[in-house]
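To start, the structure under review is shown below, and the notes come after it.
The values are calculated or read from the model by the stated rules, or taken from the named source; none is laboratory data. Quantities reported herein were computed from a predicted structural model and do not represent experimental measurements. Because the Cβ atoms are built from the backbone with ideal geometry, glycine has one as well, and the counts that use them run over all protein chains shown.
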Amino acid sequence: MAKTSNQGAASGASRSGGGSSSPKKRGLRWNYPRRGLGPVHRWIPSWRFVLASIAAVFVAGVATLGTLYVTTDIPEPDELALAQTTRVYFSDGETEMGSFADIDREPVALDTLPEYVGQSVIASEDKSFYSNSGIDLRGIARALVNNARGGAQQGGSTLTQQYVERYYLGTTTNYAGKLKEAIIALKIDNEQTKDEVLENYLNTIYFGRGAYGIEMAAQRYFGISASDLNLSQAALLTAVIPAPSAWDPAQDPEQAESRWHRVLDNMVSEGYISQADADAAVFPPTNSLERSNAFEGPNGYLLSTASAELIDSGEFTADDINTRGLKIVTTIDKEKQQAAVDAVANLPEDRPANNKVGIVSTDPRTGSIYALYGGADFMEREVNAITQDRAQAGSTFKPFALLTYLEQGGSLWDRFPSQSPMWFYGSVEIVNFDELSRGNINLATATMHSVNTTYVTLNDEIGPENTMNTAIKAGLPADTPGLDDSLTNVLGSSSPHPIDMARAYGMFANRGVMHEPFIVKEVLDAQGNSIYKGGDAGDRVFEQDDIDTLNYALQQVTQPGATGETAGYLGRPVAGKTGTSSDTKSAWFIGYIPQMLTVVDMYQVGEDGSEEELQDFGYQFISGGTYPSDIWLDYMSVATEGMDVEEFAPLPDGSGRPQRDVPVAPIQQPTTPTEIETATPTPSATATASETPTPTQTPTPTQSVTEVPTGTPTDGTSSGDQTVPNDSGGAPENTVPENPGSDSGGAGNAGGDSENQSDQVRRENE
């Protein structure tokens with residue numbers, strides 16, 4: 001009891017505040033984690049913790065910014081501001097190919113310019129220019145929120161920041177760069193007058209057309225000095241500043257005029273001009289857009305292709321390419337490119353002026369472009385023969401049908417009729433190019449001689465819509481003109497770009513894996529940092545065994561007596577396909593070794609841009625087996641120097657499945673032999689119809705056809721070092737036509753036109 005009483009007394013003394021044991025007052029403390037609370041609640045921040053954290057972050061931020069402000073100097077004007085030219089290099093990264101926008105700048109004093117020049121820029125680009133401190137915090141915050149939400153990228157930059165970016169730092173896109181840009185803008189705003197900043201801005205901004213600064217812009221757009229600009233002209237130059245290349249009136253007159261009206265409206269709202277002034281303004285005419293001389297010659301097509309590829313990637317704009325001082329390293333091999341140019345130059349001097357040739361050579365294992373010949377001079381004709389022009393595919397389309405058949409389980413050794421002519425559905429007459437009937441032949445032989453009647457029979461069995469779909473799967477765009485599901489689509493009435501055929505045949509060479517052809521290997525910024533790399537990982541689109549079988553068939557095309565025998569003189573294993581439209585508006589040879597594919601096409605363009613029939617020169621008849629094959633051999637003989645000789649993969653196991661006959665009886669046969677016009681060179685006055693063209697280089701071919709695998713028929717006849725299974729029921733399969741160097745392909749005129757005789761469609765293709 002006493003103990004209890006003493007405890008109570010002690011307690012009472014404590015409460016009364018007497019004695020030395022009274023508690024101390026609690027001051028403000030961190031109090032985190034919080035004492036005396038549960039295991040969860042003790043970790044919930046108190047208001048003291050929250051306020052202290054905010055204060056700490058604020059103090060640290062201020063200290064950091066202060067330190068950066070003190071330690072960041074206004075740099076000397078970067079050489080980039082004086083030399084922002086983007087340069088393009090060959091694949092070695094050292095040899096310059098050309099450049100995009102040579103710097104053309106002529107500074108002028110602000111007081112020599114009409115007042116509305118600077119006013120239009122301020123009203124459009126930075127309304128708070130005269131009141132801000134060099135940065136616009138609200139604009140920056142707005143841009144950060146927009147960018148975080150995934151909207152279109154905004155910079156929130158003031159006019160001063162834009163000046164800093166262009167004159168001192170080059171283009172900055174990351175947040176660290178923007179922070180440094182903002183600090184320098186603050187310091188410049190303290191050290192330079194607003195008029196000085198505005199003057200420097202007007203003398204460094206890019207206006208398009210290779211013009212840096214207001215003076216050169218006035219000269220390029222209007223042919224006058226900047227001091228003579230009127231209100232309408234000044235407003236137009238201001239209007240194009242955000243996207244000069246895209247909004248140039250020569251490129252997009254509607255967008256240019258819309259932006260011009262916007263500038264005038266902003267000037268009215270800011271009180272620089274009256275509404276009457278804006279209403280009286282007339283959209284000004286401009287000078288025609290002139291290309292830089294850097295685009296002269298064949299290299300202009302390389303520069304244009306590289307630029308288009310980077311813009312299409314979505315990583316760059318046209319103005320980025322023109323203004324950021326980039327180093328663009330292409331995939332183009334200088335020696336191979338020169339070999340392509342030389343191969344075209346080797347054509348006869350009497351070649352028609354409107355005869356066009358396209359060459360594109362790629363590495364099928366990566367898609368990188370070794371060489372691209374888009375024309376003789378980009379400045380004279382800006383249409384690229386490889387990426388923009390089209391030509392009827394002719395018989396280069398036939399492999400898509402063969403591949404379809406193989407995918408459906410067919411064998412290369414299945415036999416089909418080859419009679420000429422043959423009628424289908426009572427209205428479509430198909431004639432072989434050489435008008436020969438070889439009986440029932442296997443598909444290797446049909447490919448070797450590009451037999452039309454056999455391939456149309458094949459197409460009828462597999463379904464022409466499936467052939468079309470295979471072509472699309474192989475890389476031809478679905479909207480390719482003439483690409484349809486008609487019975488005769490196998491004869492090549494479609495008109496692809498050569499780059500499309502390079503994509504497809506490159507996939508053949510790469511055993512079923514497709515890469516998108518590309519020309520830009522790498523892009524470095526002005527500081528030497530790698531900011532872009534081209535190429536893709538590749539996609540398998542067809543089974544390897546089917547492609548290996550197809551490649552075996554296409555190797556037969558380059559054997560002696562075949563349509564592409566010229567390519568065999570390369571002296572290493574070669575696969576390929578010839579093609580010529582029925583009305584000889586185009587001629588192709590597409591050939592490849594395992595590590596290099598080259599597409600060559602020849603066509604003729606009329607004054608109105610329409611296709612014309614190829615005029616004969618040198619050869620009495622131009623086909624894929626003549627000039628395109630000659631050009632291919634000339635180029636490849638140089639381009640493959642030093643390359644290892646690689647073999648194609650052998651025929652896969654099971655490719656020797658039992659043969660089967662596809663009985664399609666011909667309706668009609670010619671009663672008398674028809675004389676065949678051959679592709680013989682004209683320089684010889686004594687040339688006859690039985691002569692064959694002689695390649696410019698004629699080493700003895702070292703290539704031979706692989707022996708037929710076990711399980712396939714081996715009863716055949718031999719011609720030279722060639723062994724091909726011989727089918728019964730007709731002439732020997734290795735029978736060489738009178739004109740082995742010629743070929744045909746295509747199905748009528750571009751757009752699906754064809755020779756029509758009493759509802760009969762006659763196809764005279766390879």
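See the values below:
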{"read-out": "Hey, Ala401 over 16 Å from the mean Cα position of the chain (by Cα), aliphatic (A, V, I, L, M), crowded, with 24+ Cβ neighbours inside 10 Å and within 30 Å of Leu436 (Cβ to Cβ) or not", "value": "yes"}
{"read-out": "Residues of the stretch 312-334 satisfying the condition of being charged (D, E, K, R), touching a strand residue (DSSP E or B) at 6+ places or on another chain (Cβ under 9 Å) and not in a loop (DSSP other than H, G, I, E, B)", "value": "Asp319, Lys327, Lys334"}
{"read-out": "Search result, residues across the stretch 585-611 that are part of a strand (DSSP E or B) and modelled with pLDDT under 90", "value": "Val605, Glu611"}
{"read-out": "Number of positions in the stretch 496-534 that are touching a helix residue (DSSP H, G or I) at 6+ places or on another chain (Cβ under 6 Å), modelled with pLDDT of 95 or more and assigned to a loop (DSSP other than H, G, I, E, B)", "value": "4"}
{"read-out": "Residue tally, condition among the hydroxyl-bearing types (Ser, Thr, Tyr) and farther than 18 Å from Glu565 by Cα, over the stretch 605-639", "value": "1"}
{"read-out": "In the stretch 248-270, the residues that are in contact with a Ser or Thr (Cβ under 9 Å, 6 or more places away or on another chain) and of a type in the set (S, T, N, Q)", "value": "Gln251, Asn266"}
{"read-out": "Residue in the stretch 380-396 that is surrounded by 23 or more Cβ atoms within 10 Å (Cβ to Cβ), within 21 Å of Asp634 (Cα to Cα) and more than 21 Å from the chain's Cα centre (by Cα) present", "value": "yes"}
